[in-house]
Amino acid sequence: MSLFPITNLAHKVLTVSELNNNTKQLLEQNIPLMWIKGEISNLKRYQSGHWYFSLKDNQAQVRCVLFSHKNQFIDWQPKDGMQVEVLALVTLYEPRGDFQLNVETMRHAGLGELFEMFEKLKAKLQQAGLFSPAQKKPLPAFPKQVGIITSLDTAALRDILSTLRRRMPFLPVIVYPTLVQGKTAASNIADTIKLACRRAESDVLILCRGGGSIEDLWSFNEEIVALAISTSSIPIVSGIGHETDFTIADFVADMRAPTPTAAAELVSKDRIELSHRLNALHQHMHRTTLHRIEHAMQQVDILSHRLIYPGDKIKQQIIHQQHLQGQLINTWAHQLEKKQWKLLDLNQQLIALSPRIARLQEQQNELVSRLGYAYSRYFETLSARLWHLQMQLSHLNPQAVLERGYSITQAKDGAIIRDSKQIHSGDRIQVKFAHGMCEADVSTTRDPDQYE
């Protein structure tokens, strides 16, 4: 690729602006965004918020600019002489023709490898389930004793003790000294956690240290510390560094606090707040109890008006019984008197009706006599009529006819033969007499006319 996308350079005269613009395009289009390591020098911060500095090594240097909308995300203050790594775009500042780096972000030198190690371990432990919420142990609401795992000379310990003294001054505290920085710090922290679990003196542990660079906090990013936290039988609260600092220990711990002071607040209740809550509960209980007592007193007053002394109640019942007895006697006497008067009236009516009863008796006897006579006459009439009907039936009775010497001739099928034409020679007939019957075979038949 040619240096400038312009043909016939021999016949073309470039202005300085054109030269710088083409050079800028060439640099930005052909050199990708990259990490560059060097030492900061001549760092200047302008009122606009932009940072200008040079990045150098033993043999060369390059101008750099980090604009305010990008450097606001850097949570530490760079200084001259610091070894840093910058993610920058190679460009050219056209007005002066200065070769420079437009920096996107900045980190301490060597952090690239540390960040890579951090991410690898984080992914490994996350896949193993050490970050799972199911693995988290709940913190005790009111611990009887708090254990602190940290260095004795760290400011974080003083902050935690001061916070606990202010919030819960009577809460016992045990400090488990350990290294929090250095090559052997990670194994020392892990051993201290195991020691605290074996001794089982505390209900909750605070793992803490003050702020620092990623290198200072690196002992809390070691796998040995993460495994010790995950296997701890005591809940652990991490309070490591500042709010923006995150370590592997924070992800594995049962609870992460942004600062050591916040960790102390998580494991302790504010005695003032508890006192207010206790007072509120006491007042509520007092009001509730008083209300119940007043309600009970009112109920007692109501019931006391209904309550009657047993002797008085018995007297009232006796009086009521006597009253009922009097009413019963009066009612019975009144009813008896009514019955007596009614009986007297009936007796008078009976006396008045006595002659009439004798006359009615005579009438009844006469009617009985007349009924007997009428019944006899009626019976005689019915008997005569019955005899007459029997005589008529006797004349019509076929048996009487047979008694006079007649007979009944029937065909084989039982039909009565009234005409000689009904039978033929050779037929078998039955002849019924007044007494008995016979069967005969017909030899000849004659017409009624021939018979005459």
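Stretching R166 away from A415 to a fully extended chain increases their span by 75.6 nm, per 0.36 nm per residue minus the current alpha-carbon distance. Can you tell me what share of the DSSP beta bridges in the chain is antiparallel? A percent to the nearest 5 is fine. So the antiparallel bridges in the chain amount to around 65 percent.
Taken along the Cα-to-beta-carbon direction at a fixed 7 Å, the label points for D98 and A280 span 6.0 nm. As a rough guide to protection, the peptides 13-19, 237-243 ranked by mean Cβ packing within 10 Å, highest first, stand as 237-243, 13-19.
Specify which residue in the list L336, W387, G405 is farthest towards the positive end of the charge dipole of segment 319-441, using unit charges on the beta carbon of Lys, Arg (+1) and Asp, Glu (-1), about the Cα centre. Selected residue: L336. The label point for Q335 and the one for I224, both projected 7 Å from the Cα toward the Cβ, are 11.2 nm apart. Largest first, the extents of the alpha carbon coordinates of segment 45-85 on the three principal axes equal 31, 18, 13 Å. Multiplying the residue separation of Q363 and L382 by 0.36 nm and removing their Cα-Cα distance gives an extension gain of 4.0 nm. Here segment 39-83 is scanned for amide nitrogen atoms under 19 Å from the site 7 Å beyond the Cα of E28 along Cα-to-Cβ, giving 51, 63-71. Counting 0.36 nm for each residue step from T231 to N397 and taking away their Cα separation leaves a gain of 46.6 nm. Dividing the convex hull volume of the alpha carbon atoms of segment 306-369 by its residue count gives 118 Å³ per residue. Note: relative contact order over segment 316-452, using C-alpha pairs below 8 Å and six or more positions apart, is 13 percent.
Taken about its Cα centre, the chain carries a charge dipole of roughly 1780 debye when the Cβ of each Lys and Arg holds +1 and the Cβ of each Asp and Glu holds -1.
3J(HN,Hα) couplings calculated from phi for segment 187-194 with the Karplus curve 6.51 cos²θ - 1.76 cosθ + 1.60 (θ = phi - 60°) are, in sequence order, 5, 5, 5, 4, 5, 5, 4, 5 Hz; Gly and Pro show x. Stokes-Einstein, applied to the Kirkwood radius of the chain over Cα pairs at a viscosity of 0.692 mPa s and 37 °C, places its translational diffusion at 87 µm² s⁻¹.
Rounded to the nearest 0.05, what FRET efficiency do K12 and H242 have when you use their Cβ-Cβ distance and R0 = 56 Å? According to the calculation, E is roughly 0.45.
Under 5 Å between amide hydrogens, built in the peptide plane, is the criterion, and for V175 it picks out I148 among residues at least 5 positions away or on other chains. By the rule of a C-alpha distance below 19 Å, with chain neighbours fewer than 8 residues away ignored, the aspartates and glutamates paired with K412 are D427, E439, D441. Farthest toward the positive end of the dipole of segment 154-279, out of T259, L161, G239, is the Cα of L161, where the dipole comes from beta carbon charges about the Cα centre. Restricting the calculation to Cα atoms, segment 297-427 yields a radius of gyration followed by a Dmax of 46.5, 132 Å.
The phi-based Karplus calculation (6.51 cos²θ - 1.76 cosθ + 1.60; θ = phi - 60°) puts the 3J(HN,Hα) values of segment 216-221 at 5, 8, 5, 4, 7, 9 Hz, whole numbers, x for Gly and Pro.
Each label was represented as a point 7 Å from its Cα along the Cα-to-Cβ direction; for D345 and L303 these points are 5.8 nm apart. Simple rule: put +1 on each Lys or Arg Cβ and -1 on each Asp or Glu Cβ in the chain, find the dipole, and look at T150, N188, Y309; the Cα lying farthest toward the positive end is Y309.
Averaged over residues, the count of other Cβ atoms within 10 Å places the peptides 262-273, 324-335, 64-75 in the sequence 262-273, 64-75, 324-335, highest first.
Coordinate-derived values only; no laboratory data. What you see is a predicted model, and the numbers here were worked out from it, not measured in a lab. When we count neighbours, we look across all protein chains shown, and the Cβ atoms used for this are built from the backbone with ideal geometry, even at glycine.
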